[in-house]
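Okay, so here's the structure we're looking at.
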Amino acid sequence: MDWKKLMSATRRKDMHKKDGQPLNAGGDRTEIERDYDRVLFSTPVRRLADKTQVFPLEKNDSVRTRLTHSHEVSNIARSIGVSLAHRGGGNFKLAEHKRDLPSILATVGLAHDIGNPPFGHQGEYAIGDWFKKNEAKAFKFLDCENLDISSDVKLRMRRDFEKFEGNAQALRVLTKLQIMNDNFGLNLTCGALAALMKYPGTSEQQDKSNIATKKFGCFHSELDVVADVWKETGLKEGVRHPLTFLMEASDDIAYSVLDVEDAVKKGLVSYRDLISYLEAGADGEPETDAVIKDVCERADAQHKKHKDAKLSPNEVNDLSTQMFRVFAIGNMVSAVIEAFLERQSDIEKGALKDDLISVSSAALLCKKLKGFAFENAYKHRSVLELELEGHKVIHSIMDMLWPAIVSRGDPQKETKGHPGTPFEKYAYGRISENYRRVFESPNEDLPLGYRRCQLLTDMISGMTDGFALSFERELRELRC
């Protein structure tokens, strides 16, 4: 791998300029630093403030949303980038790399969940489940005799929706749906887009034995984007950008530690419950290891100080968990940096098949924290009830929007407006103008049936939790 290509500041719009001359914005920021600003000020990032991290529709402002989670991942990733940039020597010795490395990691950390639908991962499942239940009408276009595409492409088009993936939607949001005055979305650099792709492949080629192909990172509709990115960076299908491992590790660190902290803030568990769980063995694992021992001992020392200060039980619980968070993140960040440097050769050869945190010295700590959160937060009755409600809401909206989309006809051929019922006209008009513009674009050469499915998923995945609830109620009341 060539790091000059991997850190490419070329934008796709420049690659397609007829005069071949890139736009030189000038100023004091590098192009990769501008990427962060473009993402930060975008509408989809603001919507993350009302999207579920773990606890749907949470009223406690101290508990994290998808936005606060994304900022925390971005900050952890940036910190790792700063550390690597100043280690000296290696691939980051060039001045521009020292400056751009923290910025590109901060950018992809902030953007990594930008394609997630409402209600967390349950939202992804709900979308895929709707398409499986409605395959006869949703994928009828694939049986059309004059559809001249291969069986592999047909399979991909089905799986794009049956296995709907927020990671692939993130790439679509950034490159197609955030329309400025052209068809390049936010027009991020190729280096940033490559680092964003956790799963560099399409939906019909998943292979769970390799972390890079465990899921998929692009829909059929964004193959043109991916081709440009791979051409510019020298990457290819199934081969991750090295910085993707660091972005993924930053996400693992953030949610493994901070989801637990949120469970404590909600009163579902206590600091002492957490320490007891970490110090106990499970599933044949050792009771502890050096990293867990260090984190727990340092946190307990602070816990004793808090108790001696005669604070209230709630204050002791909260402060002790906060200090645990500080020590856990610090240890895990150091472990990830060392693991990256130790395995960098394998990463650059595309030979590392595991995620970075699992081959680091913090592997057991991360695994046990995820296990604790799963048992005490993700499976909590309040979470499961709201996830079920979110599933029902998403299905209800899709049931009502689908006929409105189908009755619109083919907008590339029919331009006299929506010929459907008054309700269908209204429902179609409530779909975001950005998404409708992409669907109706005369430049799209995808099958109409595929574009209909995509318009539906674009609208659903762009919703916040609160909007989904109010929008479903609005449509349901009008339909009746």
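One line per residue, one yes/no per condition, for (1) aliphatic (A, V, I, L, M); (2) in a helix (DSSP H, G or I):
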site	(1), (2)
Leu193	yes, yes
Tyr199	no, no
Ala212	yes, yes
Glu222	no, yes
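List the number of the failed condition for Glu162; all other conditions in (1) surrounded by fewer than 24 Cβ atoms within 10 Å (Cβ to Cβ); (2) touching a residue at least 40 places away in the same chain (Cβ under 8 Å); (3) closer than 22 Å to Pro118 by Cα; (4) in contact with a Phe, Trp or Tyr (Cβ under 8 Å, 6 or more places away or on another chain) hold.
Of the numbered conditions (1) surrounded by fewer than 24 Cβ atoms within 10 Å (Cβ to Cβ); (2) touching a residue at least 40 places away in the same chain (Cβ under 8 Å); (3) closer than 22 Å to Pro118 by Cα; (4) in contact with a Phe, Trp or Tyr (Cβ under 8 Å, 6 or more places away or on another chain), the odd one out for Glu162 is (2).
Any residue in the stretch 275-290 that is within 15 Å of Lys370 (Cβ to Cβ) and assigned to a helix (DSSP H, G or I)?
yes
Tell me yes or no: at least one residue of the stretch 228-248 is open to solvent by less than 20 Å² (accessible area, probe 1.4 Å) and small (Gly, Ala, Ser).
The answer is no, given that none of the residues of the stretch 228-248 is open to solvent by less than 20 Å² (accessible area, probe 1.4 Å) and small (Gly, Ala, Ser).
Output the helices (runs of 4 or more DSSP H) that fall wholly within the stretch 103-162 and possess 1 or more residues being farther than 30 Å from Ala249 by Cα and among the β-branched types (Val, Ile, Thr), or say none.
Details: elements: 120-133, 135-138, 151-162.
Passing ranges, in order: 151-162.
Looking only at the stretch 318-363, which residues are polar (S, T, N, Q), open to solvent by 40 Å² or more (accessible area, probe 1.4 Å) and over 18 Å from Gly81 (Cα atoms)?
Matches in the stretch 318-363: Gln322, Ser358, Ser361.
Okay, residues lined up against (1) more than 26 Å from Met1 (Cα to Cα); (2) in contact with a helix residue (DSSP H, G or I) (Cβ under 6 Å, 6 or more places away or on another chain):
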{"position": "Leu155", "(1), (2)": "yes, yes"}
{"position": "Arg159", "(1), (2)": "yes, yes"}
{"position": "Gln178", "(1), (2)": "yes, no"}
{"position": "Asp182", "(1), (2)": "yes, no"}
{"position": "Asn210", "(1), (2)": "no, no"}
{"position": "Phe216", "(1), (2)": "no, yes"}
{"position": "Asp228", "(1), (2)": "no, yes"}
{"position": "Ile253", "(1), (2)": "yes, yes"}
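Scanning the stretch 455-480 for residues that are in contact with an Asp or Glu (Cβ under 8 Å, 6 or more places away or on another chain) and not hydroxyl-bearing (Ser, Thr, Tyr), which turns out surrounded by the fewest Cβ atoms within 10 Å (Cβ to Cβ)?
Residue satisfying both the conditions and the ranking: Gly466.
Find the residue count for the stretch 316-337, including only residues that are more than 25 Å from the chain's Cα centre (by Cα) and among the charged types (D, E, K, R).
Of the residues in the stretch 316-337, 1 are more than 25 Å from the chain's Cα centre (by Cα) and among the charged types (D, E, K, R).
With (1) buried (at least 20 other Cβ atoms within 10 Å of the Cβ); (2) more than 24 Å from the chain's Cα centre (by Cα); (3) within 24 Å of Ala168 (Cβ to Cβ) as the list, and Ser441 as the residue in question, which single condition is left unmet?
(1)
List every residue pair whose Cβ atoms sit under 6 Å apart, with the two residues 6 or more apart in sequence or on different chains, where the first one lies in the stretch 23-52 and is modelled with pLDDT of 95 or more and hydroxyl-bearing (Ser, Thr, Tyr) and the second, anywhere, is part of a helix (DSSP H, G or I) and surrounded by 12 or more Cβ atoms within 10 Å (Cβ to Cβ).
Tyr36/Ser103; Tyr36/Ala106; Tyr36/Thr107
State whether the residues of the stretch 254-263 include one that is farther than 23 Å from Ser83 by Cα and hydroxyl-bearing (Ser, Thr, Tyr). Steps first, answer last, please.
Let us first name the residues in the stretch 254-263 that are farther than 23 Å from Ser83 by Cα, namely 259-263.
The next check asks that each one be hydroxyl-bearing (Ser, Thr, Tyr); those that pass are none.
Among the residues of the stretch 254-263, not one is farther than 23 Å from Ser83 by Cα and hydroxyl-bearing (Ser, Thr, Tyr), which makes the answer no.
Can you pull out the residues in the stretch 364-388 that are out of contact with any Leu (no Cβ under 9 Å at 6 or more places or on another chain) and open to solvent by 40 Å² or more (accessible area, probe 1.4 Å)?
Selection gives Lys367, Lys370, Phe374, Glu375, Lys379, Arg381, Leu384, Glu385, Glu387, Leu388.
Here's a check for you: in the stretch 69-102, which residue that is modelled with pLDDT of 90 or more and open to solvent by 60 Å² or more (accessible area, probe 1.4 Å) is nearest to Val383 (Cα to Cα)?
It comes out as His71.
Taking only the stretch 389-408 into account, find how many residues are open to solvent by 10 Å² or more (accessible area, probe 1.4 Å) and more than 27 Å from the chain's Cα centre (by Cα).
The total comes to 4.
Please state which one of Lys310, Lys293, Lys304 is on the phi > 0 side of the Ramachandran plot, open to solvent by 60 Å² or more (accessible area, probe 1.4 Å) and without any contact (Cβ under 8 Å) to a residue 24 or more places away in the chain. Even if it seems obvious, please write down each step before you answer.
Numbers: Lys293 fails: on the phi > 0 side of the Ramachandran plot; Lys304 fails: on the phi > 0 side of the Ramachandran plot.
When all the criteria are applied, what remains is Lys310.
Would you mind finding the one in Pro442, Pro411, Pro447 that is within 29 Å of Leu223 (Cα to Cα) and touching a residue at least 40 places away in the same chain (Cβ under 8 Å)?
Criteria check complete, one pass: Pro447.
How many residues are touching a residue at least 12 places away in the same chain (Cβ under 8 Å), out of contact with any Lys or Arg (no Cβ under 7 Å at 6 or more places or on another chain) and among the aliphatic types (A, V, I, L, M) when one looks only at the stretch 165-215?
Final tally of qualifying residues: 12.
The values are calculated or read from the model by the stated rules, or taken from the named source; none is laboratory data. Because the structure is predicted, anything quoted here is derived from the model rather than measured. Positions of Cβ are backbone-derived with ideal geometry, glycine not excepted, and every protein chain shown enters the neighbour counts. Quick note on the areas: whole protein, heavy atoms, side chains included, nothing else; ligands and nucleic acids left out. Shrake-Rupley method; radii C 1.70, N 1.55, O 1.52, S 1.80 Å.
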